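To keep things clear, I will list the structure first and then write my remarks on it.
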Amino acid sequence: MSSRKFLAAGDAALVVEYGEIIDAALIDAVQQLDRRLAAAALPGIVETVPSFRSLMVHYDPLATSRAELIAAIQALDTGAPAVGVEPSRRWILPVCYDAEFAPDLADVATATGLAADQVTATHAANGFTVAVVGFLPGCPFLAELPAAFDLSRRTTPRTRVPAGSVAVAQKLSVIYPTESPGGWHLIGNCPTPLFDARWERPALLAPADAVQFRPIDTAEHARILAAARRGAYDPRRECAA
């Protein structure tokens with residue numbers, strides 16, 4: 001790829017940058033390289049960290065060098081689909097779009113030119129890909145919604161966003177796994193735990209995973225939330241597609 005850049009990040013990390021915007025093609029390029037590196041199992045690579053537009057490669061400078069990594073990445077990064085690695089997982093996550101969980105739904109409807117029920121129907125019908133996990137432990141940024149959802153963030157961020165809140169901005173959706181500040185538009189709530197340090201993989205979702213939302217009512221939301229709090233709801237089993 002002619003737009004690919006290699007940037008140093010200290011003496012033990014390399015950033016492979018594909019562009020400067022959030023774009024589905026760039027997200028795919030990052031994820032394809034991440035999967036090719038996993039398949040190649042190059043010596044010296046410690047960890048890879050995908051983002052919307054770049055991949056950071058942490059490496060052991062005693063086992064490899066920046067020049068060797070760049071040469072290897074250039075040879076691997078052909079644009080062909082990655083093969084030989086674990087396939088992406090698919091998840092179906094419950095979400096309640098009722099008014100008590102959707103304080104920004106009316107504003108999103110106005111901004112998109114859709115009725116409120118069309119906003120939620122579009123969100124639920126949309127197939128998402130996990131682009132990045134970050135900001136909070138296990139917090140997934142999901143790409144990508146139709147162009148009408150290319151919304152700026154709220155002018156005034158909230159100091160407290162409830163755990164499980166499902167929000168939209170910039171054609172993306174996000175799920176807040178824990179209570180935190182946040183400036184995205186809240187349109188629902190997902191009662192599924194997204195992070196548990198006791199799991200083999202503490203974060204439920206990972207980059208390149210596929211996500212679909214399943215609308216639920218407040219009664220089912222309360223049932224799932226109560227089961228999760230008493231340890232009787234395992235999303236690794238309940239939500240795997």
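Brief remarks on what is shown
- Within region 131-182, the only residue that satisfies the criterion of being in contact with a Gly (Cβ under 6 Å, 6 or more places away or on another chain) and in contact (Cβ under 8 Å) with a residue 60 or more places away in the chain is 166.
- Screening residue 73 with (1) β-branched (Val, Ile, Thr); (2) under 22 Å from residue 135 (Cβ atoms); (3) buried (at least 16 other Cβ atoms within 10 Å of the Cβ) gives one miss only, at (2).
- Residue check for residue 61: under 15 Å from the mean Cα position of the chain (by Cα) and in a loop (DSSP other than H, G, I, E, B): no
- Of residues in region 1-21 being of a type in the set (A, V, I, L, M, F, W, C) and open to solvent by 60 Å² or more (accessible area, probe 1.4 Å), the one farthest from residue 170 (Cα to Cα): 8
- Inclusion of residue 151 among residues that are more than 16 Å from residue 215 (Cβ to Cβ), among the hydrophobic types (A, V, I, L, M, F, W, C), open to solvent by less than 70 Å² (accessible area, probe 1.4 Å) and more than 13 Å from the chain's Cα centre (by Cα) is warranted.
- Close pairs (7 angstrom Cβ cut-off, 6 or more residues apart or separate chains): assigned to a strand (DSSP E or B) in region 29-55, open to solvent by less than 50 Å² (accessible area, probe 1.4 Å) and among the aromatic types (Phe, Trp, Tyr) anywhere: 45/59; 46/59; 54/18
- Within region 183-198, not a single residue is within 17 Å of residue 93 (Cβ to Cβ), open to solvent by less than 30 Å² (accessible area, probe 1.4 Å), free of Cβ contacts under 8 Å to residues at least 60 places away in the same chain and among the β-branched types (Val, Ile, Thr).
- Looking across region 199-241, just one residue is open to solvent by 30 Å² or more (accessible area, probe 1.4 Å) and β-branched (Val, Ile, Thr), and that is 218.
- Among the candidates 24, 39, 67, residue that is under 30 Å from residue 165 (Cβ atoms) and open to solvent by 20 Å² or more (accessible area, probe 1.4 Å): 24
- Filtered residues of region 217-229 (kept if of a type outside the set (Lys, Arg) and either in a helix (DSSP H, G or I) or within 24 Å of residue 129 (Cα to Cα) (or both)): 218, 219, 220, 221, 222, 224, 225, 226, 227, 228
- Restricting region 115-135 to residues that are over 11 Å from the mean Cα position of the chain (by Cα) and under 19 Å from residue 176 (Cβ atoms) leaves a set whose member that is surrounded by the most Cβ atoms within 10 Å (Cβ to Cβ) is 119.
- Residue match in region 76-99 (condition: modelled with pLDDT of 95 or more, in a helix (DSSP H, G or I) and within 29 Å of residue 224 (Cβ to Cβ)): yes
The values are calculated or read from the model by the stated rules, or taken from the named source; none is laboratory data. Here the structure is a predicted model, which means the values were calculated and not measured. Cβ: placed from backbone, ideal geometry, glycine included. Neighbour counts: every protein chain shown. Each accessible area value is taken on the protein alone, full model and side chains, heavy atoms only, with ligands, DNA and RNA left out. Shrake-Rupley method; radii C 1.70, N 1.55, O 1.52, S 1.80 Å.
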